[in-house]
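Worksheet: the structure to be examined is printed underneath.
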Amino acid sequence: MSLLIRVRPEAAQDLEDAAGWYEEQSEGLGHKFLEEVRRCLQRVAEQPELYPSVHRNTRRALIQGFPFGVFL
């Protein structure tokens, strides 16, 4: 069974802004960024316990290839 992943509106805006910035740097990079975020969220939903605890009950999964993390 997978966890239900909810993205807060503020986080969704951050992702949109970051994807726009990456797209300005190189065509297609914004799409690649969002695809890596999607993959990370899918892995987190399937196995959240794989990610290290960074504070109390908060874990962090890093986005592959980009300097971003997902906190859960």
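No lab work stands behind these numbers, since they all come straight from the coordinates. Predicted, not measured: the structure shown is a model, and the values here were computed from it. Quick reminder, even Gly has a Cβ in these numbers, built from the backbone with ideal geometry, and neighbours come from all protein chains shown.
Mean separation of Cα pairs under 8 Å and 6+ residues apart, divided by the residue count of the chain: what relative contact order is that in percent?
Once normalised by length, the contact order is 24 percent.
Counting Lys +1, Arg +1, Asp -1, Glu -1, what net charge surrounds GLU23 among other residues with beta carbon under 12 Å of its beta carbon?
-3
Among GLN25, ILE5, ILE63, flag the residue with its Cα farthest along the positive direction of the charge dipole of the chain, charges on Cβ as +1 for Lys/Arg and -1 for Asp/Glu.
Checked the options; the winner is ILE5.
Counting Lys and Arg as +1 and Asp and Glu as -1, what is the net charge of the other residues whose Cβ lies under 13 Å from the Cβ of LEU34?
Charge balance near LEU34 sits at -3.
Treating the angle as unsigned and between 0 and 90°, give the value, to the nearest 10°, between the Cα long axis of helix 9-25 and the longest Cα principal axis of the chain.
Once rounded, the angle reads 40 degrees.
Grab the other residues whose beta carbon is less than 11 angstrom from that of ILE63, score K and R as +1, D and E as -1, and report the net.
With Lys, Arg at +1 and Asp, Glu at -1, the net is +3.
Which of the GluC sites (Glu not before Pro) across the range 11-72 are loop residues per DSSP, with 10 or fewer other Cβ within 10 Å?
GLU27
If one takes the longest principal axis of the Cα atoms in the chain, at what angle in degrees, from 0 to 90 and to the nearest 10, does the Cα axis of helix 29-46 lie?
10 degrees
Roughly how many debye, to the nearest 20, is the charge dipole of the chain about its Cα centre, given +1 on each Lys and Arg Cβ, -1 on each Asp and Glu Cβ, and no other charges?
Once rounded to the nearest 20, the dipole reads 500 debye.
Within the chain, report the trypsin sites (Lys or Arg not before Pro) that DSSP leaves as loop and that have at most 10 other Cβ atoms within 10 Å.
Those that pass, being in a loop and sparsely packed, are ARG6, ARG56.
In deg cm²/dmol and to the nearest 500, what is the mean residue ellipticity at 222 nm of the chain if only DSSP H runs of at least 4 residues count, each as -39500 (n - 2.57), divided by the residue total?
Value at 222 nm, helices only: -16500 deg cm²/dmol.
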